[in-house]
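Here is the structure we will look at.
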Amino acid sequence: QVQLVESGGGLVQPGGSLRLSCAFSGSIFSLYDMGWYRQAPGKQRELVSATPSGGSTNYADSVKGRFTISRDNDKKMVYLQMNSLRPEDTAVYYCNARWLAGDHWGRGTQVTVSL
């Protein structure tokens, strides 16, 4: 029932910014824990940032101070503002929704940080 669609990825120079968006299709969006993960070629998928249904936020150490996660329960959207991007941020970024036994993933959006 739940479907997630990411957008906003692209090519950006080091030090630049991007804003990723995730559109949630389904019911009871406010009860889901939402998060952003990323996976680079040959690397494990890792948690970037999460915002549980209670409204708190957490971040991987590698992005603290640079990325900001937010959610809009009225629009059923979750965002990831990425500033001061580095080449090591290059990866496919995935939106995740989790509630009870449910675990849903988007198809991902490519972020490339390069000259």
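The charge dipole of the chain, taken about the Cα centre with unit charges on the Cβ atoms of Lys, Arg (+1) and Asp, Glu (-1), comes to about 100 debye, rounded to the nearest 20.
Measuring max minus min along each principal axis, the C-alpha atoms of the chain give extents of 41, 25, 23 Å (largest first). Using heavy atoms of the protein chains and a probe of 1.4 Å, the accessible area assigned to Phe29 is about 10 Å². Here the chain exposes an accessible surface that is 48 percent carbon and sulfur, computed with a 1.4 Å probe and the other protein chains kept in place. In the context of the full set of protein chains, segment 1-107 has a per residue accessible area of 54 Å² (1.4 Å probe).
Largest accessible area first, the listed residues Tyr93, Tyr37 line up as Tyr37, Tyr93 when surface is computed with a 1.4 Å probe on the assembled protein chains. Counting only protein heavy atoms and using a 1.4 Å probe, the accessible area of Met77 comes to about 40 Å².
For Val5, the shell of other residues with beta-carbons less than 12 Å away shows a net charge of +1, using +1 for Lys and Arg and -1 for Asp and Glu. The Cβ shell under 9 Å around Met82 holds other residues with a net charge of +1, Lys and Arg each +1, Asp and Glu each -1.
As a ratio to 2.2 N^0.38 Å, the alpha-carbon radius of gyration computed for segment 18-66 takes the value 1.29.
How large, in Å, is segment 72-115 by the Kirkwood hydrodynamic radius built from its alpha-carbon pairs? If you can, show how the numbers build up before the last one.
Numbers: mean 1/r = 0.0796 Å⁻¹.
So the Kirkwood estimate lands at 12.6 Å.
The values are calculated or read from the model by the stated rules, or taken from the named source; none is laboratory data. Bear in mind the structure is a predicted one, so any value in this text is a computation, not a measurement. Reconstructed Cβ throughout: ideal geometry from the backbone, glycine too, with neighbour counts over all protein chains shown. For the accessible areas, the whole protein counts, side chains as well, though only heavy atoms, and no ligand, DNA or RNA atoms are used. Shrake-Rupley method; radii C 1.70, N 1.55, O 1.52, S 1.80 Å.
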